Amino acid sequence: MLFERVGDRGPYFGEFGGRFVPEALIAALDELDEEYSRAAADPAFAAELDRLQREYTGRPSILTEVPRFAEHAGGARVLLKREDLNHTGSHKINNVLGQALLTVRMGKKRVIAETGAGQHGVATATAAALMGLECTVYMGEVDTRRQALNVARMRLLGAEVVPVSTGTATLKDALNEAFRDWVAHVDDTHYVLGTVAGPHPFPAMVRDFHRTIGVEARAQVLERVGRLPDLVAACVGGGSNAIGIFHAFLDDPQVQLLGLEAAGDGVETGRHAASITGGVSGVLHGARSMILQDEDGQTLDSHSISAGLDYPGVGPEHAHLASIGRARYEPVTDDEAMEAFRLLCRTEGIIPAIESAHALAGALRAGRELGPEGVVLVNLSGRGDKDVDTAARYFGLVSDADLVASEAERVSGPVEQTEANGW
Ligand SMILES: Cc1ncc(COP(=O)(O)O)c(C=O)c1O
């Protein structure tokens, strides 16, 4: 890649990336790096991944033009890359199938994963079932409540879901636990990291597995519109869906790349997850990147209505793209995202993931700037089934009595997985 510096702990993306991990993980990261390099050069690996993506995931994902939604975007043409239509309901499956195939190649029998919105956990549990691997998924306890449906899906697929109650009990804490498990079980376990963060080789490898999004979308827009889009918009948590769609356009300077970060209650309130807009350079989860950090170097708590964006860091390649000005990153508040969520539901009959609604909000803004001649491509990273409960509460679509009843069920706690019930 044009801006990687390979060093003893690299690759780096400019000053970001690298490897800042306990000694115990170095051998496992080296093994993964070597196996991935071998696999990437092996036509049989590419052919098997391609077969799975076509026959299992349902790729290529389609492109949908949304003219009624676009009326609210200054009349610009808006096209959605429909990663929500992938098997398991989000872009996460692209990466997981690649890493599951690598796990089998490395002769490991167990995978672990961290998950926020649950989509990466569901994708990992799915691939583990498909390939006969044991699977444990770490999930912040707060997220197990706001994404209870995905907890049930993972358990149905045979995975053990471990609720993490430390810290803010969200994605960052789930990552900490997953790293701890990996250190303890590194001989037989592969850590299927779910985004373009973490130590090398994860940011580059996960990006490569998602590049297909942009490669497909670029060709589809050219065919549909006859030219490249003016702007590509994607939400940024760790940044995997965004880097996946951005990469095919990096060498097209006329195409603006816009990453939308979760501003929660507003960046100025301090209750947000906008790591590039409101963060500083620091080290988190094995790599140098932009992170939310206080003056003593302590990681700050993040906040977002969307579990998948509720993370105080971002993948190092995004930090680099921001620093060189190739991509720009803007914050979107919870309220703006929910307004865009509502609009897509009402105007186009598509219920997006709340994460993806941040990208839609960015597209509305960008479209108004570009005007009627503009063409905006949006990565619709996931579908909103998992978010129906959150949205129903946000919009007051369920009665207070029903809320109390469902809250009472929540308090009784998540159903324990037992031998007896077979799940
Ligand atoms: C549907 C969806 N979109 C986006 C994200 C954010 O992750 P990333 O920034 O790695 O794409 C998630 C994470 O859980 C997700 O489930």
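The values are calculated or read from the model by the stated rules, or taken from the named source; none is laboratory data. Small disclaimer: the values here were computed from a predicted structure and weren't measured. Cβ: placed from backbone, ideal geometry, glycine included. Neighbour counts: every protein chain shown. Accessible surface is based on the protein model in full, side chains and every heavy atom, while ligands, DNA and RNA are left aside. Shrake-Rupley method; radii C 1.70, N 1.55, O 1.52, S 1.80 Å.
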Among rounded, prolate and oblate, which fits region 96-193 when a ≥ b ≥ c are the square roots of the eigenvalues of its C-alpha gyration tensor, a/c under 1.5 means rounded, and a/b larger than b/c means prolate? oblate
Could you look at the chain and say what percent of its accessible area is carbon and sulfur, using a 1.4 Å probe and all protein chains? 52 percent
Given the -39500 (n - 2.57) contribution per DSSP H run of 4+ residues, what per-residue ellipticity at 222 nm results for the chain, rounded to the nearest 500 deg cm²/dmol? -13000 deg cm²/dmol
Percent antiparallel among DSSP beta bridges confined to the chain, nearest 5, equals 30 percent
Quick shape check on region 1-118: root eigenvalues a ≥ b ≥ c of the Cα gyration tensor, a/c under 1.5 is rounded, otherwise prolate if a/b tops b/c, else oblate, and it reads prolate
Peptides 344-353, 111-120: what's the order by average Cβ count within 10 Å, highest mean first? 111-120, 344-353
Using mean Cβ contacts within 10 Å as the protection proxy, how do 183-189, 281-287, 217-223 order, highest first? 281-287, 217-223, 183-189
If I take all pairs of Cα atoms in region 64-117, what percentage of them are more than 13 Å from each other? 71 percent
Cα gyration tensor, region 29-180 - rounded (a/c under 1.5), prolate or oblate: oblate
Given 129-137, 70-78, the highest-first ranking by average Cβ count within 10 Å works out to 70-78, 129-137
The set of residues whose placed amide H lies less than 5 Å from the amide H of A353, leaving out same-chain residues fewer than 5 positions away, is G382, R383, G384
Tell me which DSSP H helices of the chain clear both cut-offs, 27 Å or more of axial length from alpha-carbon atoms and a mean Kyte-Doolittle hydropathy of at least 0.5. none
Report, to one decimal in Å, the Kirkwood hydrodynamic radius for the chain based on all distinct Cα pairs. 21.3 Å
Compute for region 272-385: radius of gyration divided by Kirkwood radius, i.e. Rg/Rh, restricted to C-alpha atoms, rounded to two decimals. 1.01
Name the long-range amide H neighbours of T333: under 5 Å, sequence gap of 5 or more, or other chain; modelled H, no Pro or chain starts. A263
